[in-house]
Amino acid sequence: MAADFKSHVLLRDEKGLFGIPFKRLLLAGVGGGMTYTIFNLAVTGCSIPVAVVTAIAIIVLTGPRGGILLWNCLIYRFRGTLLLIAARFPRSPIGQLVQAMELPVELVRLEGSRVFTPPTGSMDIDLREWITFAHAAEKDGLIFVDAPMKEGLYE
């Protein structure tokens with residue numbers, strides 16, 4: 001018997017419009033309104049289209065992709081691309097830009113001896129075998145045991 005773990009148990013799904021949560025719609029409206037106000041002071045003719053494009057861009061860029069917002073994914077992708085180019089061509093203009101931004105190029109080079117080494121020091125808990133419960137009582141839960149089916153565990 002295995003326990004079913006739910007992700008985002010404490011996260012409440014809020015309703016919005018067309019599957020877009022109300023918080024994102026509110027953020028897009030405020031961002032579009034601020035853009036309209038600023039552009040209306042400088043360039044009155046194109047302030048409405050720029051505000052609408054800004055609101056749509058905010059809705060699209062704040063959409064979650066696997067739990068990470070799209071704008072954050074794009075920044076990580078751009079940073080990773082810069083690091084890969086700088087690792088291959090350190091004397092290129094992009095390599096010099098990465099050095100000027102002080103990004104750690106050594107993150108690109110993975111060494112198996114460092115990645116797969118066990119943690120140093122002694123571990124107090126032996127995590128070899130563990131039991132979960134589908135319906136946990138007040139005293140039950142995720143329990144680490146020395147051997148499976150130890151007596152007195154299911155009382």
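Residue separation of Val115 and Val50 scaled by 0.36 nm, minus their Cα-Cα distance, works out to 18.7 nm of gained length.
Set the Förster radius R0 to 22 Å, insert the Cβ-Cβ distance between Ile38 and Leu74 as r into 1/(1 + (r/R0)^6), and round the FRET efficiency to 0.05. After rounding to 0.05, the efficiency reads 0.40. Candidates Pro104, Val115, Ile75 compared by Cα position along the dipole of the range 68-119: farthest toward the positive end lies Ile75, with charges placed on Cβ. With protein chains left intact and a 1.4 Å probe, residues in the range 68-119 average 83 Å² of accessible area per residue. Note on the range 77-116 and the range 29-70: Cα centroid distance 33 Å, given to the nearest whole angstrom. Subtracting the Cα-Cα distance of Glu102 and Arg88 from their residue separation scaled by 0.36 nm leaves 3.4 nm. Shape of the range 68-119 from its Cα gyration tensor (a ≥ b ≥ c, root eigenvalues): rounded if a/c is under 1.5, otherwise prolate when a/b > b/c, or oblate? Judged from the Cα gyration tensor, the range 68-119 comes out oblate (a/c at least 1.5, b/c at or above a/b).
Can you tally the net charge around Thr62? Count Lys and Arg as +1, Asp and Glu as -1, for every other residue whose Cβ sits under 13 Å from the Cβ of Thr62. Kindly include the intermediate steps, with their values, before the conclusion.
Values: positive: Lys23, Arg24, Arg65; negative: none.
Here the charged neighbours net out to +3.
Annotation: per residue accessible area for the range 15-64 equals 68 Å², rounded to a whole number [probe 1.4 Å, protein chains only].
The values are calculated or read from the model by the stated rules, or taken from the named source; none is laboratory data. This structure is a prediction, so every number in the text was calculated from the model and none was measured. Reconstructed Cβ throughout: ideal geometry from the backbone, glycine too, with neighbour counts over all protein chains shown. SASA here: full protein model, heavy atoms, side chains in, ligands and nucleic acids out. Shrake-Rupley method; radii C 1.70, N 1.55, O 1.52, S 1.80 Å.
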